[in-house]
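Reading through the structure tokens given below for one structure.
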Amino acid sequence: MKIKWKALLLKGSIWLIAEISLNLVGLDNLADYSEFIFERNQVALHS
């Protein structure tokens with residue numbers, strides 16, 4: 001199993017920057033909601 005390191009680092013970096021930025025502005029709930037939306041699609045695929 002090969003891991004696409006560039007894509008993983010890019011997505012992780014974007015997530016981290018968004019999480020920190022939204023937390024500083026006070027909109028961390030928005031970041032949590034986006035995580036819920038993305039994970040909902042993954043759960044539906046596994047069911």
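Coordinate-derived values only; no laboratory data. Everything numeric in this text was worked out from a predicted model, so none of it was measured. In this analysis, Cβ positions are derived from the backbone assuming ideal geometry, glycine residues included, and neighbour counts consider all displayed protein chains.
Evaluate the distance, in nm, between pseudo-label points positioned 7 Å from the Cα of I3 and of E19 along their respective Cα→Cβ axes.
Taking the two extended label points, one gets 1.6 nm.
In sequence order, what are the phi-derived ³J(HN,Hα) couplings for segment 9-16 according to the Karplus relation 6.51 cos²θ - 1.76 cosθ + 1.60 with θ = phi - 60°, rounded to whole Hz, with x for glycine and proline?
5, 5, 5, x, 5, 4, 4, 5
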